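Report on the structure given below.
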Amino acid sequence: MPELPEVEVVRAGLARSVVGREIGAVSARHPRSIRRFPGGPDEFAAQLIGRTVRAAARRGKYLWLPLSDDQVLLGHLGMSGQLLVVPRSVPESPHLRVLIGFADDGPDLRFLDQRTFGGLWVEPAGEAPDHLPLSLTHIARDPLDPLFDETVFVSRLRRRRTEIKRALLDQTLISGVGNIYADEALWRVGLHGGRPTDRLSVAKGRELVTAIREVMIEALRQGGTSFDSLYVNVNGESGYFARALNAYGRQDQPCARCGTPMRRESFMNRSSYSCPGCQPRPRRRRRHGSR
């Protein structure tokens with residue numbers, strides 16, 4: 001699933017290519033792709049046509065386009081969603097789910113989604129000062145947000161009774177971090193994802209935040225992480241941060257730090273990658289009264 005760097009690459013592309021343009025036509029081709037909008041395809045189109053795109057915004061893995069008349073078009077890419085800015089002359093993909101045309105006859109905005117886990121919807125803009133849409137108010141700020149409070153995050157993290165990687169994937173605690181970048185950040189600070197959060201020191205928590213920021217900034221510079229043709233920017237181009245990964249997907253390859261073969265472990269119906277040498281599994285707590 002696309003994480004913060006991949007979604008931010010798409011947001012930046014939308015900011016360059018659709019902001020300031022008036023929506024002229026909308027066609028929702030698949031009901032699952034607008035399932036979060038209760039009005040159906042005709043009402044979905046009616047809420048968009050004639051409105052002008054004012055900006056392109058993001059909170060964690062969610063995107064939204066603030067529109068004129070205090071409406072917003074929101075989107076989540078799911079596992080295979082793509083928002084592409086495409087000349088009208090380009091033939092439609094069989095995975096096209098929503099087509100948005102503009103009054104200026106320029107390139108379309110096309111939402112493609114092979115697996116249809118993602119989607120678009122429309123709702124009123126949120127309240128000042130940040131106008132965050134109501135459906136996203138439960139999503140925490142991400143570590144690249146200027147208003148992200150590192151001290152508060154570390155405190156909340158240490159109060160959790162869970163494993164550290166599970167906490168990092170909780171979008172109500174910190175947003176934008178997914179499986180790939182959690183593994184990369186944990187490798188950088190030498191922590192196993194199964195480490196209990198309440199055993200984490202404040203200093204190590206701050207070190208972890210720094211590592212998350214660093215890996216995301218590096219990924220952004222390289223256009224994100226693309227393992228296949230599904231993760232692309234608005235021009236259909238793949239990022240190449242996958243070449244720089246130190247943990248994710250590197251089972252049995254030597255650790256870039258100590259040379260120990262990397263391991264793969266099952267985690268929440270996914271895979272986690274870590275180094276047995278640099279990231280030892282945490283010892284189990286002794287039960288009260290055990291000898």
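The values are calculated or read from the model by the stated rules, or taken from the named source; none is laboratory data. This one's a predicted model, so the numbers in the text were calculated from it and none came from an experiment. All Cβ positions, even for glycine, are placed from backbone atoms using ideal geometry, and neighbour counts span all protein chains on display.
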Which residues, taken from segment 120-172, are of a type in the set (S, T, N, Q) and assigned to a loop (DSSP other than H, G, I, E, B)?
Thr137, Thr162, Gln171, Thr172
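Within 19 Å of the chain's Cα centre (by Cα) and assigned by TED's automatic domain parsing to the domain that holds Gly50: which single residue out of Leu186, Leu173, Leu120 fits that description?
Leu120
To keep it simple, each residue is scored yes or no on (1) closer than 20 Å to His131 by Cα; (2) buried (at least 17 other Cβ atoms within 10 Å of the Cβ); (3) within 23 Å of the chain's Cα centre (by Cα).
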residue: Leu14; (1), (2), (3): yes, yes, yes
residue: Ser17; (1), (2), (3): no, yes, yes
residue: Arg51; (1), (2), (3): yes, yes, no
residue: Ala55; (1), (2), (3): yes, no, yes
residue: Pro66; (1), (2), (3): yes, yes, yes
residue: Ser89; (1), (2), (3): no, no, no
residue: Glu92; (1), (2), (3): no, no, no
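Can you tell me which residue within segment 156-203, out of those that are of a type in the set (A, V, I, L, M), farther than 17 Å from Ala247 by Cα and in contact (Cβ under 8 Å) with a residue 40 or more places away in the chain, is surrounded by the most Cβ atoms within 10 Å (Cβ to Cβ)?
That would be Leu157.
Consider segment 245-269. How many of its residues are of a type in the set (D, E, K, R), surrounded by fewer than 14 Cβ atoms within 10 Å (Cβ to Cβ) and outside any loop (DSSP other than H, G, I, E, B)?
Number of matching residues: 0.
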Given the conditions (1) out of contact with any Gly (no Cβ under 6 Å at 6 or more places or on another chain); (2) touching a residue at least 60 places away in the same chain (Cβ under 8 Å), which single one is not true for Val90?
(2)
Out of segment 124-147, which residues are touching a residue at least 24 places away in the same chain (Cβ under 8 Å) and in contact with an Asp or Glu (Cβ under 7 Å, 6 or more places away or on another chain)?
Pro124, Ala125, Pro133, Ser135
Among the strands (runs of 3 or more DSSP E) lying completely within segment 1-111, list those that include at least 1 residues that are touching a helix residue (DSSP H, G or I) at 6+ places or on another chain (Cβ under 6 Å) and assigned by TED's automatic domain parsing to the domain that holds Val122.
23-28, 57-59, 62-67, 81-86, 96-102
